[in-house]
Amino acid sequence: MIRFGIRPADFFFLLLAVFLCTFSIASLKRNKKNAPVVSVTAKGQEYLFSLEKDGTYTVEGTLGTSTIVVQDATVRFEDSPCPNKICVQSRPISQTGEWIACLPNDVFITITGGQNELDALAF
């Protein structure tokens with residue numbers, strides 16, 4: 001007659017499964033707390049602002065001062081000293097990975113962090 005029971009290898013795999021489930025749940029909870037951040041790069045310096053807090057910020061570019069507005073979880077250029085004002089005319093951004101640039105003034109805005117950020121794609 002064959003006895004059915006838990007062998008040492010079965011116990012090991014059961015503990016491994018419990019550990020992986022616990023690690024996965026903790027990782028998901030940690031990612032939800034990762035709020036999106038507005039990253040502004042101007043003249044080689046990086047400035048970080050919260051996308052969840054409204055405010056008006058100024059950064060110094062190569063041509064002069066650019067004014068950036070964070071409002072209602074979006075960010076946009078309000079004013080910039082560039083000649084064509086293409087950056088000011090662009091739509092506000094709100095999603096991770098989106099960006100706006102004022103190339104003549106050397107100011108680059110991007111949104112980083114948050115749940116939508118991918119570190120790799122698989123096909």
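The values are calculated or read from the model by the stated rules, or taken from the named source; none is laboratory data. Everything quoted here is computed from the prediction, not taken from an experiment. So basically every Cβ, Gly included, is an ideal-geometry build from the backbone, and we count neighbours across all protein chains shown. Heavy atoms of the whole protein, side chains included, go into the accessibility calculation; ligands, DNA and RNA do not. Shrake-Rupley method; radii C 1.70, N 1.55, O 1.52, S 1.80 Å.
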**Study point:** Vicinal HN-Hα couplings computed from phi for segment 6-19 (Karplus, 6.51 cos²θ - 1.76 cosθ + 1.60; Hz; Gly/Pro x)
**Key:** 8, 8, x, 5, 4, 5, 4, 5, 5, 5, 4, 5, 5, 4
Check your understanding: Tally Lys and Arg at +1 and Asp and Glu at -1 over the other residues with C-beta under 15 Å from the C-beta of I86: what net charge comes out?
Key -> 0
**Study point:** Highest to lowest packing among 87-94, 101-108, 63-70, scored as the average C-beta count within 10 Å
**Key:** 101-108, 63-70, 87-94
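Could you compute the net charge surrounding T41? Neighbours are other residues with a C-beta less than 15 Å from the C-beta of T41; K and R count +1, D and E count -1. Before the final figure, lay out the partial values.
Numbers: positive: K43; negative: E46, E60, E98, D106.
Net local charge, T41 excluded: -3.
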Practice item. Project the alpha carbons of segment 8-110 onto their principal axes and report the range along each, largest first, in whole Å. Key: 73, 27, 17
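Give, in nm to one decimal, the length gained when the segment between V37 and T65 is fully stretched (0.36 nm per residue of separation minus the Cα-Cα distance).
Length gained, V37 through T65: 8.0 nm.
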Point to revise | Heavy-atom accessible surface of segment 42-118: percent carbon and sulfur, 1.4 Å | key: 48
**Study point:** Net +/- balance of residues flanking S66 in space, Cβ distance below 12 Å, scoring K and R +1, D and E -1
**Key:** -1
